[in-house]
Amino acid sequence: MVLIAFMFHINQLVNKDLFILGFFHESQSQSMLTYTDNKFYFTINYPANWEKSVKINNEIIFIAPKDKDSVSSPAGLVIKVVPTPGKNISADSASKEIISQIQLEHKDFTKEATDTLAVDGKKAVKVVFTATDSKIQNRKAMQIVFSNYENIYILTYKASLDKYNTFENTANDMIKSFKFLPK
């Protein structure tokens, strides 16, 4: 109890958030921007210092800033929307199909965890895995799959193995901020 009281006292002195048991992490003081997608009717918040780009194939990409001496970005979050008009495809079946596809394309695929959660009230399946990406870099990824009965939404947070934990809270904050817009 004394240790917990001490940690909270230190927290107030240095203005940081604490994880219980004494693990420190910087509070998110970066400013966030909101991306609004009027084609698929959703919004998501992302850090102002992350680069945003939209691809032709219904993908929106948010990329963390590169380290000064790096040639590639340490992390990113991709939102891919797959239209499924008139089809009622569950998050479970969509996730299984996506994982099967990844396993075929990446022989070193290793599933670390599977869980269910909700994204803006919709049931979602979360899979955490490692695999080598198209740039021959071993990456860790968290993929969240959910459906609104018109589209399947695939949110993929991907990072280099040594940076995954660094950006994981930011990725989770982004995913939690995902909201469907009224039509």
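The values are calculated or read from the model by the stated rules, or taken from the named source; none is laboratory data. Given the structure is predicted, the values throughout are model-derived calculations rather than measurements. Glycine gets a Cβ as well: all are built from the backbone with ideal geometry, and neighbour counts include every protein chain shown. Surface areas here come from the heavy atoms of the whole protein model, side chains and all, with no ligands, DNA or RNA. Shrake-Rupley method; radii C 1.70, N 1.55, O 1.52, S 1.80 Å.
Beta carbons closer than 6 Å, at least 6 apart along the sequence or on distinct chains, pair a first residue in region 159-179 that is part of a helix (DSSP H, G or I) with a second that is among the charged types (D, E, K, R) and crowded, with 16+ Cβ neighbours inside 10 Å for 164/140.
Which residue out of 87, 80 is open to solvent by 50 Å² or more (accessible area, probe 1.4 Å) and in a loop (DSSP other than H, G, I, E, B)?
Matching residue, one of 87, 80: 87.
When you look at residue 115, is it at pLDDT 95 or above and either among the hydroxyl-bearing types (Ser, Thr, Tyr) or loosely packed, with under 14 Cβ neighbours inside 10 Å (or both), yes or no? Yes.
Name the residue that is surrounded by the fewest Cβ atoms within 10 Å (Cβ to Cβ), counting only residues in region 90-112 that are among the basic types (Lys, Arg) and either closer than 20 Å to residue 75 by Cα or in contact with a Ser or Thr (Cβ under 9 Å, 6 or more places away or on another chain) (or both). Lay out the reasoning, then the answer.
Kept after step one, since they are among the basic types (Lys, Arg), are these residues of region 90-112: 96, 107, 111.
Still in the list and also either closer than 20 Å to residue 75 by Cα or in contact with a Ser or Thr (Cβ under 9 Å, 6 or more places away or on another chain) (or both): 107, 111.
On the way: 107: 8, 111: 13.
Residue satisfying both the conditions and the ranking: 107.
If the condition is being surrounded by 13 or more Cβ atoms within 10 Å (Cβ to Cβ), without any contact (Cβ under 8 Å) to a residue 24 or more places away in the chain and of a type outside the set (A, V, I, L, M), then region 53-68 contributes 59, 65. Taking the criterion of being open to solvent by 20 Å² or more (accessible area, probe 1.4 Å) and in a strand (DSSP E or B), the residues of region 131-142 that qualify are 132, 138, 139, 140.
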